[in-house]
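S.K.: Take this structure, written in structure tokens, and hold onto it; I'll ask about it next.
The values are calculated or read from the model by the stated rules, or taken from the named source; none is laboratory data. None of these values were measured; they are calculated from a predicted model. So basically every Cβ, Gly included, is an ideal-geometry build from the backbone, and we count neighbours across all protein chains shown.
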Amino acid sequence: MAPDAVATSAPALAVTRLTLTDFRCYAQLRLETAAAPVVLTGPNGAGKTNLLEALSFLVPGRGLRRARLSEAARRDPGQATDDGAPARAWAVAATLSGPSGDTDIGTGLDAATDKRVVHIDGTPTGTQADLAGHVSLQWLTPQMDRLFQDGPSARRRFLDRLVFGRDTAHAGRVSAYDHAMRERLRLLTRGGFDAAWLTALENTMAEKGVAIAAARLEAAGRLAAQLDAEGDGPFPQALLAVEGEAEAWLADGSALDAEDRLRAALAAARREDAASGRTANGPHRSDLVVQFRGRGDASARPAADCSTGEQKALLISLVLAQARLQAQEGGLAPLLLLDEVAAHLDADRRQALFDAITGLNLQAWMTGTDTDLFRPLADRAQFFHVKEATVSR
């Protein structure tokens with residue numbers, strides 16, 4: 001389906017074609033869009049969120065649902081997810097329009113190897129971390145409403161997506177750190193390990209781990225400065241901090257000192273880590289701490305103590321501020337995936353959100369069951385209706 005003309009200037013980054021094969025409820029889909037906001041409306045269960053999830057696989061990680069690769073594969077009607085049958089291969093392909101022209105990106109599950117594959121302009125790449133150099137993407141979903149109540153792992157992932165927007169090497173550091181941490185634990189729990197190999201893995205964890213902590217601190221600091229510069233607005237201000245062992249060491253001394261301290265902590269904890277099956281030290285235990293400061297309010301409250309509406313507004317504030325920061329710094333403005341966000345905002349904040357998106361020339365993909373909520377975007381966005389895994393105008 002060809003896109004209609006929409007009155008907006010071209011954003012820094014946009015998906016102009018999305019193709020799905022055996023992904024979730026979609027056997028085949030080819031959707032062509034203009035470089036403008038996309039509104040997907042339709043009943044619950046129609047396949048709207050599946051489209052956002054497909055887009056979320058264009059960046060490193062497990063997508064907005066944190067699904068296993070096999071879970072994203074389409075299944076036949078009545079087929080159980082735990083029937084033991086091999087998962088179908090699935091694929092997500094997109095044409096991205098950016099400042100340097102068009103880029104074709106493809107990713108999916110290779111059924112023969114049961115691994116994720118990535119192609120950029122038709123060429124296989126060695127790792128999904130390569131995606132970070134081509135796509136910057138943020139998302140908000142209803143499941144994130146508990147981001148500030150739940151454990152720190154989801155907040156770390158949220159922070160890392162913010163870091164990816166301006167530091168494309170961060171995904172590779174995180175991947176290398178996680179791999180070394182898994183290998184170290186495997187050696188420790190197996191027993192009879194090779195001490196030299198264990199030391200090499202801990203060296204990698206120390207080097208990559210401190211670099212991860214430093215990148216998170218820098219990203220949080222820049223975002224905090226951006227929020228402070230923007231001042232009061234329709235969405236609340238946030239106070240940000242990154243708390244963790246490695247971050248504290250960086251505050252006390254140099255990166256080399258922090259590496260030495262992390263390396264020593266890992267070596268000292270080998271026996272305890274082997275017994276617990278967990279790694280007690282490192283940036284995989286850090287946390288993004290967020291406080292809510294309302295309009296004209298000198299005091300601040302922990303985000304976890306705020307109402308659901310305040311927390312939603314706080315997340316939107318962070319994502320929009322990050323988008324403005326990336327645009328100002330000359331990087332790729334992110335794609336935004338906003339699942340059922342408009343339904344939880346009052347009319348003034350919906351208008352403010354839509355104005356921010358179009359003012360920044362962002363391509364945001366938004367879902368909802370009520371088309372009327374998106375009426376302020378009537379001449380600024382492209383609208384699609386989703387029903388029973390069929391997308392139409």
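S.K.: I'm told T113 meets every condition in (1) exposed (fewer than 13 other Cβ atoms within 10 Å of the Cβ); (2) more than 19 Å from the chain's Cα centre (by Cα); (3) over 26 Å from R75 (Cβ atoms) except one. Can you identify the failing condition by its number?
M.R.: It fails just one condition, (3).
S.K.: Here are R182, R161: which of them is part of a helix (DSSP H, G or I), exposed (fewer than 15 other Cβ atoms within 10 Å of the Cβ) and out of contact with any Lys or Arg (no Cβ under 9 Å at 6 or more places or on another chain)? Lay out the reasoning, then the answer.
M.R.: Details: R161 fails: exposed (fewer than 15 other Cβ atoms within 10 Å of the Cβ).
Selected residue: R182, the only one of R182, R161 that is part of a helix (DSSP H, G or I), exposed (fewer than 15 other Cβ atoms within 10 Å of the Cβ) and out of contact with any Lys or Arg (no Cβ under 9 Å at 6 or more places or on another chain).
Rundown of residues vs (1) under 29 Å from the mean Cα position of the chain (by Cα); (2) over 16 Å from K208 (Cβ atoms); (3) β-branched (V, I, T), yes/no style:
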site	(1), (2), (3)
G233	yes, yes, no
W249	yes, no, no
D252	no, yes, no
L256	no, no, no
R261	no, no, no
R270	no, yes, no
A275	no, yes, no
R278	yes, yes, no
G282	yes, no, no
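S.K.: Working only within the stretch 210-237, note down all residues that are touching a strand residue (DSSP E or B) at 6+ places or on another chain (Cβ under 8 Å), modelled with pLDDT under 95 and among the charged types (D, E, K, R).
M.R.: D228, E230
For every residue, the table says whether it meets (1) surrounded by fewer than 17 Cβ atoms within 10 Å (Cβ to Cβ); (2) modelled with pLDDT under 95; (3) not aliphatic (A, V, I, L, M).
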{"position": "R261", "(1), (2), (3)": "no, no, yes"}
{"position": "L266", "(1), (2), (3)": "no, no, no"}
{"position": "E272", "(1), (2), (3)": "yes, no, yes"}
{"position": "S276", "(1), (2), (3)": "yes, no, yes"}
{"position": "A280", "(1), (2), (3)": "yes, no, no"}
{"position": "V289", "(1), (2), (3)": "no, no, no"}
{"position": "F292", "(1), (2), (3)": "no, yes, yes"}
{"position": "A298", "(1), (2), (3)": "yes, yes, no"}
{"position": "R301", "(1), (2), (3)": "yes, yes, yes"}
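S.K.: Restricting to the stretch 311-331, what's the tally of residues that are part of a helix (DSSP H, G or I) and over 13 Å from A224 (Cβ atoms)? Walk me through how you get there before you give the answer.
M.R.: Start the filter on the stretch 311-331 by keeping residues that are part of a helix (DSSP H, G or I), which leaves 311-328.
Keeping just the survivors that are over 13 Å from A224 (Cβ atoms) gives 311-316, 319-320, 323-324, 326-328.
Final tally of qualifying residues: 13.
S.K.: Additional query: Quick check on A321: is it surrounded by 18 or more Cβ atoms within 10 Å (Cβ to Cβ) and without any contact (Cβ under 8 Å) to a residue 40 or more places away in the chain? So that I can check it myself, show each step before the final result.
M.R.: On the way: surrounded by 18 or more Cβ atoms within 10 Å (Cβ to Cβ): yes; without any contact (Cβ under 8 Å) to a residue 40 or more places away in the chain: no.
So A321 fails the test.
S.K.: Given the residues E243, E230, E218, which is the only one that is under 29 Å from I316 (Cα atoms), in contact (Cβ under 8 Å) with a residue 60 or more places away in the chain and surrounded by fewer than 19 Cβ atoms within 10 Å (Cβ to Cβ)? Can you show your working first?
M.R.: On the way: E243 fails: in contact (Cβ under 8 Å) with a residue 60 or more places away in the chain; E218 fails: in contact (Cβ under 8 Å) with a residue 60 or more places away in the chain.
Only one candidate passes the filter, namely E230.
S.K.: For the stretch 146-158, which positions are under 21 Å from F57 (Cβ atoms) and assigned to a loop (DSSP other than H, G, I, E, B)? It would help to see each step written out before you state the result.
M.R.: If we filter the stretch 146-158 for residues that are under 21 Å from F57 (Cβ atoms), which is where we start, we get 147, 153-154, 156-158.
L147 - this is the single residue of the stretch 146-158 that is under 21 Å from F57 (Cβ atoms) and assigned to a loop (DSSP other than H, G, I, E, B).
S.K.: For the stretch 363-393, enumerate the residues that are closer than 17 Å to L337 by Cα, assigned to a helix (DSSP H, G or I) and in contact with a helix residue (DSSP H, G or I) (Cβ under 6 Å, 6 or more places away or on another chain).
M.R.: Across the stretch 363-393, the qualifying residues are L373, L377.
S.K.: Among the residues in the stretch 128-145, are any surrounded by fewer than 15 Cβ atoms within 10 Å (Cβ to Cβ), in contact with a strand residue (DSSP E or B) (Cβ under 7 Å, 6 or more places away or on another chain) and part of a helix (DSSP H, G or I)? Quick ask: steps written out before the conclusion?
M.R.: From the stretch 128-145, those surrounded by fewer than 15 Cβ atoms within 10 Å (Cβ to Cβ) are 142-143; that's our starting set.
When the remaining residues are screened for being in contact with a strand residue (DSSP E or B) (Cβ under 7 Å, 6 or more places away or on another chain), the result is 142.
Of the ones still in play, those that are also part of a helix (DSSP H, G or I) are 142.
The answer is yes; a qualifying residue exists.
S.K.: Further question on the same structure: Quickly run through the stretch 332-362 and pick out the residues that are touching a strand residue (DSSP E or B) at 6+ places or on another chain (Cβ under 6 Å), closer than 27 Å to T168 by Cα and assigned to a helix (DSSP H, G or I).
M.R.: I357
S.K.: Name the residue that is surrounded by the fewest Cβ atoms within 10 Å (Cβ to Cβ), counting only residues in the stretch 32-47 that are touching a residue at least 60 places away in the same chain (Cβ under 8 Å) and closer than 28 Å to P86 by Cβ. Spell out the reasoning first.
M.R.: Initially, the stretch 32-47 is screened for residues touching a residue at least 60 places away in the same chain (Cβ under 8 Å), giving 33-44, 46-47.
Still in the list and also closer than 28 Å to P86 by Cβ: 46-47.
Details: A46: 21, G47: 24.
Once the filter is applied, the top-ranked residue is A46.
S.K.: Going by what's in this entry, would R75 be described as closer than 28 Å to S392 by Cβ and modelled with pLDDT under 95?
M.R.: On the way: closer than 28 Å to S392 by Cβ: yes; modelled with pLDDT under 95: yes.
Criteria met by R75.
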